[in-house]
1. Being within 17 Å of the chain's Cα centre (by Cα) and within 25 Å of GLY57 (Cα to Cα) is true for just one of ALA186, ALA199. Which residue is that?
2. Pairs, please: C-beta under 7 Å, at least 6 apart or cross-chain, first residue of a type in the set (Asp, Glu) and in the range 57-71, second more than 10 Å from the ligand (Cβ to nearest atom)?
3. Would you pick out the residues in the range 30-64 that are among the hydrophobic types (A, V, I, L, M, F, W, C) and more than 10 Å from the ligand (Cβ to nearest atom)?
4. Of the residues ALA138, ALA101, which single one is more than 14 Å from the ligand (Cβ to nearest atom), farther than 15 Å from LEU37 by Cα and hydrophobic (A, V, I, L, M, F, W, C)?
5. Does at least one position in the range 75-87 carry a residue that is surrounded by fewer than 19 Cβ atoms within 10 Å (Cβ to Cβ), in a loop (DSSP other than H, G, I, E, B) and away from the ligand (no atom under 16 Å from the Cβ)?
6. Having 2 or more residues that are surrounded by fewer than 20 Cβ atoms within 10 Å (Cβ to Cβ) is the bar; report the strands (runs of 3 or more DSSP E) wholly within the range 117-216 that clear it.
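Just so it is clear, none of the values below were taken in a lab; they were calculated from the coordinates. Here the structure is a predicted model, which means the values were calculated and not measured. With ideal geometry, Cβ positions are generated from the backbone for all residues, glycine too; neighbour counts draw on all protein chains shown.
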Amino acid sequence: MQIHYPQALVDRVRRATTGRKLTGEYVPGEGPVPAKLALIGEAPGRTEIATGHPFVGAAGKELDRNLALASLTRPEIFITSVVRARPYSRPKAKATAPVTALPNRTPTKKEVAAFAPLFDWELAAIGAPVLVVMGNTALQRLLGPTATIGTLHGQVLHQPVLEWRAGKYCPGNKSYWLVPMYHPAATLYARKLTPTVEADWRALGEWLKKHPLADT
Ligand code: URA
């Protein structure tokens, strides 16, 4: 199922992102609403923009392997990301290349903030008590700039997340179960992380068995 975002929030994001190196119609989050568990990524890549679905490219294939380790399936979870258009860069050598041929890049803090009101709305709308937060961009959006996947991966935290209010991030009132994880693309670039990532997803599966989501 796809979620329908309030047009006023979509318009606000469009105004805040005009002129930035972001491309594609926004890729909406996908999954049941309300959801018991949400996966939060960074930003869509080329395949996600082309298809309009989150995590369907190479990172998505890694993600599917990881989900299986935790005995999770896509239909039972909500999948989204903190930025909804594809951030790209234009190196000098590709001055005239079409946008579709330009490489992805990490979204800037301003771009993440531009999408923050939409993301906050979505998090409240899906009502998921458990958030699996994949990669530093998503983790720092939710917990602030000092949080890193390198130190927090695989842990289960219980705390409020940051919300965008009056031009800055402030802690929200609601506490979530937060599970920081390496972004699925991380193992595509650093295969040596694979055993750690697999252990983290298996541990999430064990935690979920002991904490049935209906009781969270
Ligand atoms: N990376 C993300 O963070 N989200 C996607 O949808 C695809 C890749």
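1. ALA186
2. GLU62/THR187; GLU62/LEU188
3. If the condition is that a residue be among the hydrophobic types (A, V, I, L, M, F, W, C) and more than 10 Å from the ligand (Cβ to nearest atom), then VAL33, ALA35, LEU37, ALA38, ALA50 are the ones that fit.
4. ALA101 is the lone residue from the list that is more than 14 Å from the ligand (Cβ to nearest atom), farther than 15 Å from LEU37 by Cα and hydrophobic (A, V, I, L, M, F, W, C).
5. Step one: of the range 75-87, the residues surrounded by fewer than 19 Cβ atoms within 10 Å (Cβ to Cβ) are 75-76.
Pick out the ones that are also in a loop (DSSP other than H, G, I, E, B) and you get none.
No, the range 75-87 contains no residue that is surrounded by fewer than 19 Cβ atoms within 10 Å (Cβ to Cβ), in a loop (DSSP other than H, G, I, E, B) and away from the ligand (no atom under 16 Å from the Cβ).
6. Passing ranges, in order: 157-165, 168-181.
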